Amino acid sequence: MHLLELKNISKTFPGVKALKGVSFTLNSGEVHALCGENGAGKSTLMNILAGNLQPDVGGEIVLEGQIQAIQDFNQARNLGISIVYQERSLSDNLSIAENIYANCQPQNRWGFLDYAQLYADSKGVLTRVGLGELAPQTLVEDLSAAQKQLVEIGKALAQNPKILILDEPTASITERETQHLFGLIKDLKKTGVGIIYISHRLAEIFAIADRITVLKDGAYQATLPAQEADSPKLIKLMVGRDLGELVKNQKSTSNEVALEVKGLSGLKFQNIHFKLQRGEILALAGLVGAGRSEVARAIFGMDRYESGEIWVNGQQKRFSHPADAVAAGLAYVPEERKSQGIFPDHSVAENILAAQFAGANWGGGEGEAHRQKLAQQQFDDLHIVAPSLRQVVRLLSGGNQQKTVLGRWLSKKPQVLIVDEPTHGVDVGAKFEIYQLLQKLAAQGTAILLISSELPEVLALADRIVVLCAGQISGELNAAEATEEGILRLAAGMN
Amino acid sequence: MKQLLQDRVATLGILILLIGIGASLAFPQQFPTFDNLQQIVLNVSIETIVAIGMMILMIAGTFDLSVGSVLALSGSLAAWMLVQGYPMPIAVVVALLSALAVGWFNGFFIARIGINALIQTLATMGIVRGLVLLVAGSGIQDLPYSFIYIGQSKMLKVQSPIWWMLALLLVFHLLLKRSIFFRRYYYIGGNERAADLSGIRVGNMKLYGFVLSALLAGVAGILLTSRLGAAISSMGKGTELRVITAVILGGASLSGGQGRILGAFLGSLFMGLIANIMVLARVSGAWQDIILGLILVAAIGFDVVLRNRAGR
């Protein structure tokens with residue numbers, strides 16, 4: 001008997017059929033990975049299981065042999081289903097303990113909160129997820145992104161679930177923490193917990209999953225045992241076509257230095273120096289929190305830096321605001337797409353055109369017709385999938401949102417393009433398109449500074465790799481000699 | 001149809017038209033006369049000028065509670081200077097400069113230092129109201145004709161505040177639609193951090209926004225004082241809340257990023273229309289506030305429901 005069986009689940013939203021008769025099984029003590037591009041229906045399926053959405057009539061959820069109609073989140077929890085969302089559900093202003101036991105705090109016999117019990121229980125949970133050194137009273141806002149993610153997992157574990165759903169659990173955590181998480185998952189398997197694991201990172205799926213189910217456009221594609229699956233096979237199932245290997249371009253590095261950073265020091269980084277040539281892709285690698293984004297933000301004029309020099313095309317610059325950096329030919333695609341990249345309620349066209357309003361321009365510019373043409377051109381060039389340029393960006397998939405942000409800068413024809421985690425939360429198809437785009441830009445002479453935590457991405461794209469560790473450069477590698485292991489060793493500060 | 005329902009300028013315009021037709025049928029003698037209609041517009045004209053500035057701030061995702069005090073300061077200062085014997089143009093310019101200074105004071109602390117706009121403009125509202133009491137005392141009367149003329153003259157049978165309002169509406173409508181400078185406010189309201197990273201100087205733009213809003217409140221103060229023929233220290237009390245109500249009715253949202261100048265006008269006009277009909281129907285003033293409050297909740301509730309449906 002399966003621990004969980006989903007039979008013929010469909011879900012219709014006004015205008016969209018998000019799920020089309022999907023079936024899925026989960027055994028106890030199993031890790032079952034769920035793959036598919038953004039919009040394939042993974043999150044919808046999991047939201048149905050967690051009680052947040054109701055399936056269309058005709059679908060069945062069978063839990064340990066009994067048909068269940070899960071009406072809401074609390075019922076799902078009582079049935080032993082816990083979900084760790086991709087988007088955080090923690091309150092920054094409360095302590096770790098209060099977050100973990102939100103809505104189910106232990107009570108003493110007077111019906112008041114039993115803090116001693118709460119903190120003791122929380123300590124146990126923190127130790128399980130590898131955060132044993134943190135006090136349960138710590139406020140969540142003081143945690144790093146990775147620690148928050150682990151607390152989020154702890155919150156799910158505190159319910160003692162029979163079924164644990166992990167939706168992109170490693171999106172913001174480092175390699176070492178990922179290894180700890182995998183250890184935790186293996187322990188949970190031994191106790192008979194069934195785990196549904198959703199991730200874009202295929203390498204992780206192969207490392208942890210027992211079976212893999214692929215969804216595409218809301219429809220079930222296939223379920224494979226992990227041993228029989230490999231990346232090309234999965235990608236083909238997910239996107240329905242072969243993508244082929246990414247071929248490195250012939251480099252036309254011209255020895256002209258587009259961007260040079262000398263001894264840059266700020267709050268979270270010290271003595272950073274590198275040269276970026278025209279037509280080159282230079283990667284800044286390192287663990288989350290190593291200070292890579294901070295360096296990029298300082299270069300772009302967003303944050304202040306204490307000392308050091310920035311040279312663009314042979315001229316020393318000091319940018320007091322991104323507007324100055326834009327005027328000097330720089331562009332920056334931020335890591336946090338939702339909060340810093342897009343204008344969610346504005347149209348695709350308006351999002352693409354945002355950078356046309358940079359700087360000190362007061363007048364009418366080159367006119368509305370000219371702007372519309374610019375937007376249309378990027379829309380076509382980047383194959384942004386949307387009903388029209390007037391579509392609100394919030395409703396697009398992550399990949400198309402990212403292409404919109406890229407289009408904003410490409411319309412300015414930047415000389416130096418800084419991309420921070422350009423494929424974070426982007427589906428496989430769009431990911432390859434973004435890779436090809438970056439390579440094309442480099443071939444045309446754009447200097448690209450790539451910040452990425454995905455090592456295969458760094459290795460596939462970069463010509464040179466500068467590795468940061470705790471705010472300092474711990475090494476530089478040529479693409480030819482670099483390996484994932486080599487980068488990791490530098491990133492962890494081991495020489 | 002759905003798009004039409006989501007465009008506040010369209011829905012509000014139609015609503016105003018329907019209410020106007022209804023009122024014409026109910027009060028055929030009093031309502032649809034040139035004098036009454038002009039009176040409605042005249043009554044809202046001065047606050048509509050304030051609403052233009054508020055609309056721009058709300059598009060940028062912020063607002064200014066001190067506009068009523070600034071209105072009173074500008075009017076009182078002009079009146080005080082006139083009584084002291086300064087020529088009219090100098091009195092007006094100094095009054096407008098005082099408004100500009102208050103706007104800069106707000107903008108500086110909000111955009112540069114980082115004080116929350118609610119707190120900053122609330123404080124300014126009190127500070128400036130105190131200054132008004134110092135300047136105007138129990139009121140300043142006997143203003144010269146050259147000043148009274150500004151707000152009491154007529155052109156083509158239409159009172160001058162209406163012309164001032166129409167001119168400013170037109171200018172800012174075009175600026176917000178066409179100019180790079182003002183279009184930036186939509187981006188700032190849409191996502192402040194993304195706007196900064198797109199090279200828009202958000203801090204500067206906000207500062208200019210507060211200066212502009214105060215300046216428009218200053219213009220309104222001169223017009224009001226001129227119309228009244230006197231400066232009264234309680235001028236502009238409650239203006240900020242009426243103006244914010246009008247602007248929200250006209251399609252602005254508290255989170256920013258949307259709104260049009262035409263909406264600011266229609267929002268004001270709608271409120272003036274309701275007030276006028278209440279008077280014709282001999283409804284007490286208390287009911288006006290109750291009904292206006294209910295209309296505000298209904299309008300925004302309608303919006304939220306519609307958006308939630310569209311978002312799925």
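The values are calculated or read from the model by the stated rules, or taken from the named source; none is laboratory data. Bear in mind the structure is a predicted one, so any value in this text is a computation, not a measurement. Heads up, the Cβs are rebuilt from the backbone with ideal geometry, glycines too, and the neighbour counts pull from every protein chain shown. To get the accessible areas, we keep the full protein, side chains included, count just its heavy atoms, and leave off ligands, DNA and RNA. Shrake-Rupley method; radii C 1.70, N 1.55, O 1.52, S 1.80 Å.
Things worth noting here:
- Taking the criterion of being over 17 Å from the mean Cα position of the chain (by Cα) and crowded, with 19+ Cβ neighbours inside 10 Å, the residues of segment A:392-408 that qualify are A:VAL393, A:GLY407, A:ARG408.
- Search result, residues across segment A:268-286 that are out of contact with any Asp or Glu (no Cβ under 7 Å at 6 or more places or on another chain) and outside any strand (DSSP E or B): A:GLN270, A:ASN271, A:GLY279
- Residues satisfying the stated conditions in segment A:10-21, i.e. among the hydrophobic types (A, V, I, L, M, F, W, C) and out of contact with any helix residue (DSSP H, G or I) (no Cβ under 6 Å at 6 or more places or on another chain): A:PHE13, A:VAL16
- The residues listed here are B:ALA252, B:ALA286, B:ALA264; of these, the one that is assigned to a helix (DSSP H, G or I) and either within 14 Å of another protein chain (Cβ to nearest Cβ) or within 30 Å of A:GLU350 (Cα to Cα) (or both) is B:ALA264.
- Pairs meeting the criteria (first residue in segment B:104-115 and in contact (Cβ under 8 Å) with a residue 12 or more places away in the chain, second residue of a type in the set (A, V, I, L, M) and open to solvent by less than 60 Å² (accessible area, probe 1.4 Å), beta carbons under 6 Å, at least 6 apart or on different chains) are B:TRP104/B:VAL211; B:GLY107/B:LEU207; B:GLY107/B:VAL211; B:ILE110/B:ALA117; B:ALA111/B:LEU207.
- Filter result for A:GLU457 (of a type in the set (D, E, K, R), in contact with a helix residue (DSSP H, G or I) (Cβ under 9 Å, 6 or more places away or on another chain) and under 19 Å from A:GLU335 (Cβ atoms)): yes
- Scanning segment B:192-206 for residues that are open to solvent by 10 Å² or more (accessible area, probe 1.4 Å) and either more than 7 Å from chain A (Cβ to nearest Cβ) or at positive phi (or both) yields a count of 4.
- Residue identified as farther than 29 Å from B:LEU207 by Cα, within 24 Å of the chain's Cα centre (by Cα) and not charged (D, E, K, R) among B:MET125, B:MET165, B:MET155: B:MET155
- Every residue from segment A:351-365 that is surrounded by 13 or more Cβ atoms within 10 Å (Cβ to Cβ) and either modelled with pLDDT under 90 or away from chain B (no Cβ under 14 Å) (or both): A:LEU353, A:ALA354, A:ALA355, A:GLN356, A:PHE357, A:ALA358, A:GLY359, A:ASN361, A:GLY364, A:GLY365
- B:LEU212 falls short on exactly one of the conditions (1) facing another protein chain (nearest Cβ under 10 Å); (2) open to solvent by 30 Å² or more (accessible area, probe 1.4 Å); (3) touching a helix residue (DSSP H, G or I) at 6+ places or on another chain (Cβ under 7 Å), and that condition is (1).
- Scan of segment A:298-316 for residues that are open to solvent by 60 Å² or more (accessible area, probe 1.4 Å) and either within 14 Å of another protein chain (Cβ to nearest Cβ) or free of Cβ contacts under 8 Å to residues at least 40 places away in the same chain (or both), ordered by number: A:ARG304, A:GLN315, A:GLN316
- Where B:GLY257 falls short, out of the listed (1) buried (at least 20 other Cβ atoms within 10 Å of the Cβ); (2) at pLDDT 90 or above: (2)
- Restricting B:SER146, B:SER179 to those that are open to solvent by less than 60 Å² (accessible area, probe 1.4 Å), hydroxyl-bearing (Ser, Thr, Tyr) and in contact (Cβ under 8 Å) with a residue 12 or more places away in the chain reduces the list to B:SER146.
- Listed by first and then second residue, the pairs with beta-carbon distance under 8 Å, at least 6 apart or on different chains, first residue in segment B:276-295 and more than 22 Å from B:GLN29 (Cβ to Cβ), second in a helix (DSSP H, G or I) and open to solvent by 50 Å² or more (accessible area, probe 1.4 Å), form an empty list.
- Restricted to segment A:42-66, and to residues there that are open to solvent by 10 Å² or more (accessible area, probe 1.4 Å) and under 25 Å from A:ASP230 (Cα atoms), the residue that is modelled with the lowest pLDDT is A:SER43.
The rows are residues; the columns are (1) over 30 Å from B:GLY189 (Cβ atoms); (2) modelled with pLDDT under 90; (3) open to solvent by less than 50 Å² (accessible area, probe 1.4 Å).
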{"residue": "B:GLN6", "(1), (2), (3)": "no, yes, no"}
{"residue": "B:ILE16", "(1), (2), (3)": "no, no, yes"}
{"residue": "B:GLN30", "(1), (2), (3)": "yes, yes, no"}
{"residue": "B:MET58", "(1), (2), (3)": "no, no, yes"}
{"residue": "B:GLY61", "(1), (2), (3)": "no, no, yes"}
{"residue": "B:LEU73", "(1), (2), (3)": "no, no, yes"}
{"residue": "B:LEU77", "(1), (2), (3)": "yes, no, yes"}
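- Inside segment A:409-456, residues that are of a type in the set (A, V, I, L, M, F, W, C), under 20 Å from A:GLU168 (Cα atoms) and open to solvent by 20 Å² or more (accessible area, probe 1.4 Å) make up a count of 1.
- Condition check for A:SER339: open to solvent by 10 Å² or more (accessible area, probe 1.4 Å) and within 9 Å of chain B (Cβ to nearest Cβ): yes
- When A:LYS413 is tested against the conditions (1) part of a loop (DSSP other than H, G, I, E, B); (2) of a type outside the set (Gly, Ala, Ser); (3) in contact with a Leu (Cβ under 8 Å, 6 or more places away or on another chain), the lone failure is (3).
- Members of segment B:122-145 found to be polar (S, T, N, Q) and more than 22 Å from B:ILE244 (Cα to Cα), listed by number: B:SER138, B:GLN141
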